[in-house]
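The values are calculated or read from the model by the stated rules, or taken from the named source; none is laboratory data. Just so it is clear, the model here is predicted, and its values are computed rather than measured. Neighbour counts are summed over all protein chains in view; Cβ atoms, including those assigned to glycine, are modelled from backbone coordinates with ideal geometry.
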Amino acid sequence: MKPTSKDPFVILDLFKLNSITVDVENATAWVQSGATLGELYYAISKKSRTLAFPAGYWSTVGVGGHLSGGGYGALLRKYGLAGDNVIDAKFINVDGKILDRKSMGEDLFWALKGAGGGNFGVIVAFKIKLVAVPEKVTVFKVSRTLEQNATKLVHKWQYVAPSIHEDLTITLRINNVKSSQAGKQSYHYEEDNKGKTSYEEASAWGVKYFKDNFKRLAEVKVVVDPDYFFRGEQTIALRFGDFSPSLGEYFRPIVCLT
């Protein structure tokens with residue numbers, strides 16, 4: 001809800017839910033949603049020098065939002081998104097029940113790994129699959145200005161980056177460039193009717209963000225949270241139709257949401 005809304009609302013602070021348990025033998029870990037990526041990386045490194053988790057670059061980013069939003073990071077090309085490596089979760093639904101992957105069903109579990117936990121309920125912990133890494137890795141940075149043929153470097157990167165070996169990740173960062181997007185239409189949707197947007201209204205941004213997955217996410221939403229308890233300005237909308245409400249049967253599994 002908006003900060004100026006007269007309707008009652010609740011904000012959950014999960015900062016204190018930050019425990020991490022690493023199982024080196026099975027290459028897995030349980031991490032609570034309030035932990036940061038830095039805390040997770042440190043906990044793994046204390047247990048093993050050859051295990052890691054393929055998540056983001058910034059240590060202060062929260063695990064809960066990062067994993068439930070997909071999670072882009074340096075090991076993406078070899079191991080996929082962070083969400084691809086989530087193998088279980090502890091989730092509180094609108095009825096206050098604590099569910100795991102088995103009890104929530106594969107369709108909801110799929111949705112939680114890219115469409116945000118706040119859309120469907122509260123994710124309190126993730127079970128993640130750790131991946132193999134060498135004890136030592138090489139990181140380097142190359143800086144170029146326009147006078148040093150930076151334009152040619154960018155052009156070359158576009159062709160080389162997708163085809164190089166999966167063990168190498170090359171990222172490009174451009175600084176001090178004036179934006180050419182001024183005046184471009186924005187699709188930020190302001191909430192209407194106490195946050196209960198229609199599927200058609202929400203599609204203005206949802207289809208652009210989630211593409212073909214938006215329809216499927218809306219169908220998960222109507223099964224998991226039919227009264228629209230979890231909502232905000234850009235919440236997954238409810239979609240009613242002639243689809244099967246049987247969890248795990250209607251939805252085809254996919255690797256990640258992009």
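If the requirement is being surrounded by fewer than 21 Cβ atoms within 10 Å (Cβ to Cβ), polar (S, T, N, Q) and on the phi < 0 side of the Ramachandran plot, which of these qualifies: SER59, SER68?
On the way: SER68 fails: surrounded by fewer than 21 Cβ atoms within 10 Å (Cβ to Cβ).
Step by step, each of SER59, SER68 is checked, and only SER59 is surrounded by fewer than 21 Cβ atoms within 10 Å (Cβ to Cβ), polar (S, T, N, Q) and on the phi < 0 side of the Ramachandran plot.
Considering only residues that are of a type outside the set (A, V, I, L, M), part of a loop (DSSP other than H, G, I, E, B) and under 21 Å from GLU106 (Cα atoms), which ones fall in the range 44-83?
GLY69, GLY70, GLY71, GLY80
Please verify whether ALA115 is assigned to a helix (DSSP H, G or I), aliphatic (A, V, I, L, M) and touching a Leu at 6+ places or on another chain (Cβ under 6 Å), treating the condition exactly as stated. No, not satisfied. Within the range 192-251, track down each residue that is basic (Lys, Arg), touching a helix residue (DSSP H, G or I) at 6+ places or on another chain (Cβ under 8 Å) and modelled with pLDDT under 90. Residue satisfying the conditions is ARG239 alone. Restricting attention to the range 1-13, does a residue exist that is hydrophobic (A, V, I, L, M, F, W, C) and assigned to a helix (DSSP H, G or I)? No, every residue in the range 1-13 fails to be hydrophobic (A, V, I, L, M, F, W, C) and assigned to a helix (DSSP H, G or I). When the range 130-167 is filtered for residues that are part of a loop (DSSP other than H, G, I, E, B), under 26 Å from LEU37 (Cβ atoms) and without any contact (Cβ under 8 Å) to a residue 60 or more places away in the chain, the ones remaining, listed by number, are LYS136, VAL137, THR138, VAL139, PHE140, LYS141, VAL142, SER143, ALA161, PRO162, ILE164, HIS165. Across the range 14-43, the qualifying residues are those that are part of a loop (DSSP other than H, G, I, E, B) and of a type in the set (D, E, K, R), and the one among them that is nearest to the chain's Cα centre (by Cα) is LYS16.
Just so you know, in the range 77-116 the residues that are surrounded by 15 or more Cβ atoms within 10 Å (Cβ to Cβ) and polar (S, T, N, Q) include one that is farthest from THR28 (Cα to Cα), and it is ASN93. For the structure I just gave you, tell me whether THR28 is in contact with a Lys or Arg (Cβ under 8 Å, 6 or more places away or on another chain) and surrounded by 13 or more Cβ atoms within 10 Å (Cβ to Cβ). Answer is yes for this residue.
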